[in-house]
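Here's the structure, in structure tokens; my notes come after.
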Amino acid sequence: MEIKVCGMREPENIRSLISDVNPDWMGLIFYPKSPRYVSDEYSESLKGFPVRKVGVFVNESVDEILKKVKLFDLFAIQLHGKEPIEMLAELKRKTDTELWKVISVANEINWESIAGYLPYVNKFLFDTASPNHGGTGRKFDWEVLKTYPFDKGFLLSGGLDEDSVGEIRALQKEISQLEGVDLNSKFENAPGLKNIERIVRFKEKLDHSL
Ligand SMILES: O=C(O)c1ccccc1NCC(=O)[C@H](O)[C@H](O)COP(=O)(O)O
């Protein structure tokens, strides 16, 4: 199972994350209202790390997203707001960078309403709905994923912590499209500063639960 650690920005913290956890992806949040916001001033200090960077955007313009792709050398664009299908089509025409669409879950999911994203996205990511868009530290009811009708892989997100491992593995047994998990606020000492030991423990637990 793949691991994305989101909300990173401090170089020393990133160095420890890579050496101790070696995650599949690291998320940088480009939403100015987030307490984990990564401004352009971080761009120099975030260069050269051997990890795939995912840029998290909320209702941002295509031009601004493409600027960040270049400046931060992003591997994937995670669209975490109400981005319409046409915007993903435009991004797909303009960049080879992977596109991930976040589906914010409140209650039921209308699968038909998200099917239109399929030709454009590399992954979906399911997260807990909130007015702040993400980083809530709260889980949604994973039962709604059990009717997931597509082949496309997805990441599970929203309030995951060490205690979630058993349920994550159980869900993966039922839904093979669940490819990975996205970790954030439950692993923080402060917003934007991760507790690496806690992530190491999560990963060990995940590896031993196979
Ligand atoms: O984390 C934020 O501050 C944030 C704010 C606005 C949009 C997205 C944000 N985070 C993106 C992520 O992918 C988080 O990992 C995801 O929301 C889960 O966070 P958490 O519930 O804290 O585990």
Does residue 165 meet the test of being within 16 Å of the ligand (Cβ to nearest atom) and under 16 Å from the mean Cα position of the chain (by Cα)?
-> no
When residues of the stretch 27-71 are filtered for being within 16 Å of the ligand (Cβ to nearest atom) and assigned to a helix (DSSP H, G or I), how many remain?
-> 4
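I want to confirm something. Restricting to the stretch 103-161 and keeping residues that are in a loop (DSSP other than H, G, I, E, B) and touching a Leu at 6+ places or on another chain (Cβ under 7 Å), which single residue is nearest to residue 2 (Cα to Cα)?
Quick first cut of the stretch 103-161, residues in a loop (DSSP other than H, G, I, E, B) only: 106-110, 116-122, 129-141, 148-153, 157-161.
Those left that are additionally touching a Leu at 6+ places or on another chain (Cβ under 7 Å): 117, 120-122, 150, 152, 157, 160.
Numbers: 117: 22, 120: 21, 121: 18, 122: 14, 150: 19, 152: 15, 157: 12, 160: 14 Å.
Checked the stretch 103-161; the qualifying residue nearest to residue 2 (Cα to Cα) is 157.
Quick check: is even one residue across the stretch 35-42 surrounded by 21 or more Cβ atoms within 10 Å (Cβ to Cβ) and out of contact with any Ser or Thr (no Cβ under 7 Å at 6 or more places or on another chain)?
Of all residues in the stretch 35-42, those surrounded by 21 or more Cβ atoms within 10 Å (Cβ to Cβ) come to 36, 38.
Those left that are additionally out of contact with any Ser or Thr (no Cβ under 7 Å at 6 or more places or on another chain): 36, 38.
Yes, there is a match, as at least one residue in the stretch 35-42 is surrounded by 21 or more Cβ atoms within 10 Å (Cβ to Cβ) and out of contact with any Ser or Thr (no Cβ under 7 Å at 6 or more places or on another chain).
Quick one: in the stretch 190-200, of everything that is part of a strand (DSSP E or B) and in contact with a helix residue (DSSP H, G or I) (Cβ under 9 Å, 6 or more places away or on another chain), which residue is nearest to the ligand (Cβ to nearest atom)?
194
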When residue 130 is run through (1) polar (S, T, N, Q); (2) over 30 Å from residue 12 (Cα atoms); (3) in contact with a Phe, Trp or Tyr (Cβ under 8 Å, 6 or more places away or on another chain); (4) within 13 Å of the ligand (Cβ to nearest atom), the failure sits at (3)
Of the conditions (1) without any contact (Cβ under 8 Å) to a residue 12 or more places away in the chain; (2) in contact with a strand residue (DSSP E or B) (Cβ under 7 Å, 6 or more places away or on another chain), residue 6 clears all except one; give me its number.
-> (1)
Give the residue that is surrounded by the fewest Cβ atoms within 10 Å (Cβ to Cβ), with candidates limited to residues of the stretch 43-91 that are farther than 25 Å from residue 3 by Cβ and of a type in the set (Gly, Ala, Ser).
-> 61
Can you name the condition, by its number, that residue 156 falls short on among (1) farther than 14 Å from residue 123 by Cα; (2) within 16 Å of the ligand (Cβ to nearest atom); (3) free of Cβ contacts under 8 Å to residues at least 40 places away in the same chain?
-> (1)
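Read-outs throughout are calculated quantities, based only on the coordinates presented, and are distinct from any laboratory measurement. It should be emphasised that the depicted structure is a prediction, and the values quoted were computed from it without experimental measurement. Neighbour counts are summed over all protein chains in view; Cβ atoms, including those assigned to glycine, are modelled from backbone coordinates with ideal geometry.
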